[in-house]
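None of the figures in this text is laboratory data; all of them are computed from the coordinates on show. Note that the coordinates shown come from a computational prediction; the quantities given were computed from them, not determined experimentally. Note: ideal-geometry Cβ built from the backbone for every residue, glycine included; neighbour counts use all protein chains shown.
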Amino acid sequence: MKHVDAIIVGGGPAGLAAAIELRRKGIDDILILEREKKPGGILRQCIHDGFGLTRFGETLSGPEYAARFVREAESLEIPCLTDTTVLEITPDRHVFASSSEHGMMEFEAGAIILAMGCRERTRGAISIPGTRPAGVYTAGVAQAYINLKNKMVGRRVIILGSGDIGMIMARRMTLEGAEVLGVFEVQPYASGLPRNVEQCLNDYNIPLSLSHTVTDIRGTDRLESVVISEVDDHMQPIPGTEKEYECDTLVLSVGLIPENELTWMAGAEKDPGTSGPAVDENYQTTVPGIFAAGNVLHVHDLVDFVSLEAEALADSAARFITQGSLPESKLAVRGGELVGGLTPSRISGESDVTVSFRVRRPLRDCTVEIRQGETVLKRRKMAKALPAEMIQIKLAADKLNTTDDLEVTVSC
Amino acid sequence: MLREFTCIMCPQGCDISVELEGKTIKGISGNKCPKGEAYVTQEIENPMRNIATSVLVDGGDLPLASVRLSGVIPKDRIFDVMAEIRKVEVPAPVHEGDVVIADVLGLGVDVIVTKDVEAA
Amino acid sequence: MEQWDVIVIGAGVVGSAVARELARYQLRVAVLEKELDVACGNSSRNTGMLHAGFTYKPGTLKAECAVEGNKEFDQVAAELGVPFKRTGKLVVGFTDHDMENILKFKAIGEQNGVEGMRIIDKAEIESIEPHAGGEFAMYVPSSGILDPMAYTIALADNAAQNGVKFFFDRKVTAIERYIANNCYLVYTSQQTFRTKWVINCAGAYASQISEMLGYPNYPVRGFKGEYFVLDKKAGQFLKIPVYPAPNDRGGFSTHATPTVDGNILVGPDSYVTEDWEDYKCTKDHLDGLIRDGSKMFKQMRREYFIRNFAGIRWKRVDEEGNVLDFKLESDQQHNPNTVNLVGIESPGVTCALPLARRAVARLVEVEKPSVNEHFNPHRPAPKRFYDMTHEEQAAAIAEDPEYGEIVCRCETVTRAEIRRAINNPLGVHTVTGIKNRTRATMGRCQGGYCETRITEMIEEELGIKPTDVRYNHAGSYMFTGPVRSGKTDDSASEGSVSA
């Protein structure tokens, strides 16, 4: 069994950024474990541009954004085992991984950084009725086939869900000659970014229908048609509004879920608000020395913020590795009713905190307030707030006390 | 005439309202930065876009190399450029930044590779 | 023309069991299946219970075969390498009427030869399964759980390993008897088979085949039920099937059952359908399952939903609609050299081998074939990587490095296992075929990570084009062509951009 100061599970944007930053902080003994043949994660198939504006001040495609981190990691000679899947993480920080080349490996880690990203919500998870023909793909799978494997998945397409990947695939498939009949969203608002509604749908005359959902899937061999219904205020289909669309492909973009099977195996507790692990301001889970950042923690709308978060994590992980522990975080972080996906779950009050959350529904002219006891730490007025956009607010340590819980509220 | 735009220059996606007389902007509001005004001006004049797609690679460790344009092109030429890109097949290896079509259709921009594909 | 001693029509659990039992004799046997794999119909579309046999009328073929099939299953599972757990079952009740029905069926069970059933109190329920509801229960120790798809595959594999030939994508369209040559011509969608014997195991379509063979077109009625499959994370809450007290006719409403793989099945409900392959799930019934399922299984939460499926029990009925027993018949005088099996539904999985032995006995009595000395009842079933200890995993990778590459993350299925599945003894090459042999794509991400790899492996291993990959059925193509091909791609039509 080999000891490694820092094991990073996942060589996507979060893992690479954490590794590079750890090395810069003086941690030499680092190992990235990546299940794919090459590092870069999901960005390798996100060939569209729009990445990097925050992190690099320029707009890049996904592969270019990833390559900047891959090259940096290579120049710093950070070891990365590809084609390697982590099978188990134990609470005492043992990592079991397998690969064809190296067989079964067991490591003992000083710190473990969870950077597994997220997965897509599937047809089964949302229980779409109907038959089970070929031709029903999640947006990410369709994207992998089209952009990585050179396989076109269909010609006449309906997209369910207005997540960013769904809209990006609407444009992508249109560019490749498919006919995208429409994007249907069960919520009364688009779940992806407004710019993607504009440049992916409006640019290509692809209609977006809000408050609609798929209520039947038809065809036994290949998809033949789907039935779309309007939904009411409780998102229940309204009888009599059914409309059948002939199509050979249904692309689902109905949400992303943090990929935390290994996290739970390691004994970390879940934050019910994010479905990801509960972490403190140091991105430390409830298991000492196991950290999480990026989409494994909570799903981000921009990769730039994934990188920045992983870099912040690296700072605390480096301190943990050199000092052996971090200040205990006893203060709870609580959100009001309009606040969703709030992280961190708890803080110590002794160091800087970045609070991240989303509003639960689109709001105009609202006020975000962060309080500790009676003290208002931050008040921010926002002309517009959308669930698609993560809100991040930084609080300096010198403003925080070490006795009161943190409350985040949004009011209109 | 009042026209509404969603700016696509960055992920903020500002809702911009513009007071127009013909093609002349008389008033603009909602943009949080100057890029918004530039975007709207261009959008009224001649909308420009970049595109991202793939070219076929012969003998590579991946079948496709992703590509984008070195700059924006008029929106109504997107499918003309796609038709050109579809004709291309490049031998491996190709690297990020390689030009696969220079000055595509005389539009003043190149089609450039965004991903390394090594020889298999 | 293909010449055979026996043609078995249908590769469901009964057809596969018949094929396997026929392989004990020196006979040339072919199985004709309309789908691209075994158990595509109702053989796999059920709860996967090894039934004890306490709800079937004494003296019926159903009761006889269920008890027989139940008793022998430990040995069958060991021979065929099929995961099986004799979990027992709790039939829970709340009211006096529940108790009456439970006692009624306990008596029936005892008459049928079911052993060990006993009434237990709330405290004992608690000690057996803390998550089960009920004021009292009947504990049935002999009930068990199995994966009916895996069992059918194992039966068919074992038949194939002993010389039986399986033909997929062959829908039987007509059967002609040639008296002079003492043979039948079986016409299918692809070719015609000449055979001495025909055994009808066509499941939902058994009445149609029955008519082709000269027997009546027995009336059947389809009772459809829908299911939820829940994540293994929910599996920790249920270790034993918990059924509500049966209704007056011996039927059970929606229940929760653990699977051998650690998932939970919630369902089925029951309603009449007219369509032979009405396997679609409907919003109303799924909503109903959520409602009723929550009563039996308190952890019925949306975050655990993985997928849904539906199955149909085609029951033989009389003119008044009363459900009749399984039909197993032969008639040397009018329809010589045939065995007809109609109305085989629940508990068909439990009864498959006992029924098969009875069907084969009819043939043996007439034909007196020589015994196949080389018959091997054991089917090799290597331990899954998922089930191995880390030491065993290390040894497996050292032996075959492809064990080191995890293709399906959720179910921890390796490249070595996928490759072996693609080269299965039956020659099944669909994506769902690989799934059913390995569990790849069956986890919470439903193939999001591994499906692109599996389709690629199928293409490489078989040397086929992506457009020839099939998801499940013959027309279930997955790809319409390459995004980029060497020549100009004519199939890509022109799009349009708004002004």
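Taking the fewest neighbouring Cβ atoms within 10 Å as the starting point, the ordered list for C:MET457, C:MET478 is C:MET457, C:MET478. Rounded to the nearest 10 degrees, what's the angle between the helix A:62-75 long axis and the longest principal axis of chain A, both from Cα atoms, 0 to 90? The answer is roughly 20 degrees. Here the extension length gained between C:GLU365 and C:GLU399 equals 7.4 nm, from 0.36 nm per residue of separation less the Cα-Cα distance.
Taking GluC sites (Glu not before Pro) across segment A:59-93, the ones in a DSSP loop with at most 14 further Cβ atoms lying within 10 angstrom of their Cβ are A:GLU77.
Dipole magnitude for segment A:1-139: computed about the Cα centre from +1 point charges on Lys and Arg Cβ and -1 point charges on Asp and Glu Cβ, it is near 620 debye.
Spin-label model, C:ASP318 to A:MET1: label points 7 Å out along the Cα-to-beta-carbon direction sit 7.0 nm apart. Using only DSSP helix segments of four residues or longer, with each worth -39500 (n - 2.57), what per-residue ellipticity at 222 nm results for chain C after dividing by its residue count and rounding to 500? It lands at -9500 deg cm²/dmol.
According to the Kirkwood relation over distinct C-alpha pairs, the hydrodynamic radius of chain B is 16.2 Å. In the protein assembly as shown, taking the dipole from charged Cβ atoms about the Cα centre, the farthest positive-side position among C:PHE237, A:GLY273, C:ILE406 is held by C:PHE237.
Computed over the alpha carbons of chain A, Rg followed by Dmax gives 22.0, 65 Å. Rg then Dmax, both in Å and based on the Cα atoms of segment C:307-355: 13.9, 49. Across segment C:11-136, the fraction of Cα-Cα pairs farther apart than 26 Å, rounded to a whole number, is 38%.
From the C-alpha coordinates alone, can you work out the Kirkwood hydrodynamic radius of segment B:52-113, in Å? After inverting the pairwise mean of 1/r, the radius is 11.7 Å. What the Cα atoms of segment B:2-45 give is an Rg and a Dmax of 9.4, 29 Å. Backbone phi angles across segment A:397-411, fed through the Karplus curve with coefficients 6.51, -1.76 and 1.60 (θ = phi - 60°), yield HN-Hα couplings of 4, 5, 8, 8, 9, 10, 10, 9, 5, 9, 10, 10, 10, 10, 10 Hz in residue order; Gly and Pro are listed as x. On the principal axes of its alpha carbon atoms, the protein assembly as shown extends 96, 68, 61 Å, with the longest extent given first. Gyration tensor over the Cα atoms of segment A:122-254: the corresponding equivalent ellipsoid has semi-axes (square roots of 5 times the eigenvalues, largest first) of 21, 18, 12 Å.
For segment C:133-202, the Cα gyration tensor yields ellipsoid semi-axes of 40, 16, 13 Å (square root of five times each eigenvalue, largest first, whole Å). For segment B:114-120, putting each phi into the Karplus relation 6.51 cos²θ - 1.76 cosθ + 1.60 with θ = phi - 60° gives couplings of 10, 8, 6, 10, 8, 5, 5 Hz, in residue order, rounded to whole numbers and with x for Gly and Pro. Residues A:LYS243, C:LYS196, arranged from fewest to most other Cβ atoms within 10 angstrom of their Cβ, appear as A:LYS243, C:LYS196.
Based on alpha-carbon atoms, the Kirkwood radius and the radius of gyration of chain C give Rg/Rh equal to 0.98. Find the relative contact order for segment A:122-254 and round it to a whole percent, using C-alpha pairs within less than 8 Å whose residues are 6+ positions apart. Rounded, it is 33 percent for segment A:122-254. The distance from the alpha carbon centre of segment C:392-428 to that of segment A:365-405 is 50 Å, rounded to a whole number. Distance from the alpha carbon centroid of segment A:120-178 to that of segment C:471-487 works out to 14 angstrom.
Exposure proxy shown here: for A:ASP92, B:ASP110, the number of other Cβ atoms within 10 Å sets the order, fewest to most, as A:ASP92, B:ASP110.
Summarising the amide proton neighbourhood of C:THR282: residues at separation of 5 or more, or on other chains, whose placed amide H is nearer than 5 Å comprise A:GLY130.
Candidates C:LEU90, C:SER142, C:PRO58 compared by Cα position along the dipole of chain C: farthest toward the positive end lies C:SER142, with charges placed on Cβ. Derived scalar couplings between HN and Hα for segment A:374-391 equal 8, 7, 8, 7, 8, 9, 10, 8, 10, 5, 8, 9, 10, x, 5, 10, 6, 9 Hz in order, rounded to whole Hz, by the Karplus curve 6.51 cos²θ - 1.76 cosθ + 1.60 (θ = phi - 60°), x for Gly and Pro. Between A:ASN205 and C:THR173, the C-beta separation translates, for a Förster distance of 41 Å, into a calculated FRET efficiency of about 0.30.
Report the antiparallel proportion of the DSSP beta bridges in segment B:52-113 as a percent, rounded to a multiple of 5. Around 75 percent of the beta bridges assigned by DSSP in segment B:52-113 are antiparallel ones. The simple spin-label model puts a point 7 Å past each Cα toward its Cβ; for B:VAL72 and C:LYS71 those points are separated by 8.2 nm.
Each part gets one Cα centre, and for segment A:10-35 versus segment C:19-84 those centres are 53 Å apart.
Taking label positions 7 Å along the Cα-Cβ direction at both C:LYS104 and B:LEU107, the computed distance is 7.6 nm, reported to one decimal. Going down the table (C:LYS89/C:LYS224; C:LYS315/C:LYS368; C:LYS196/C:LYS435; C:LYS62/C:LYS104; C:LYS280/C:LYS435; A:LYS38/C:LYS465), which pairs top 27 Å between alpha carbons? In this structure, C:LYS315/C:LYS368; C:LYS196/C:LYS435 lie more than 27 Å apart at Cα. About the centre of its Cα atoms, segment C:385-468 shows a dipole size close to 380 debye [charges on the beta carbon of Lys, Arg (+1) and Asp, Glu (-1) only; nearest 20 debye].
Summary of packing: across the peptides A:255-262, C:283-290, the per-residue average of other C-beta atoms within 10 Å ranks them, highest first, as A:255-262, C:283-290. Take every DSSP beta bridge with both residues inside segment A:122-254 and express the antiparallel ones as a percent of the total, to the nearest 5. Antiparallel bridges: around 40 percent, rounded to the nearest 5. For chain C, the relative contact order comes to 19 percent (Cα pairs under 8 Å, sequence separation of at least 6). A Cβ-based charge dipole, computed about the Cα centre of segment A:155-232 with Lys and Arg at +1 and Asp and Glu at -1, lands at about 240 debye.
For the pair C:LYS122 and C:GLU277 in one chain, pulling the backbone fully straight at 0.36 nm per residue adds 51.6 nm over the alpha carbon distance.
Its convex hull of Cα atoms gives segment A:329-412 a direction-averaged projected area, equal to a quarter of the hull surface, of 4.7 nm². Taking the charge dipole of chain C about its Cα centre, with +1 at Lys and Arg Cβ atoms and -1 at Asp and Glu Cβ atoms, the residue from C:PHE305, C:ALA395, C:ILE209 reaching farthest to the positive side is C:ALA395. The trypsin sites (Lys or Arg not before Pro) found in segment A:315-412 that occupy coil by DSSP, while having at most 13 further C-beta atoms within 10 Å, are A:LYS330.
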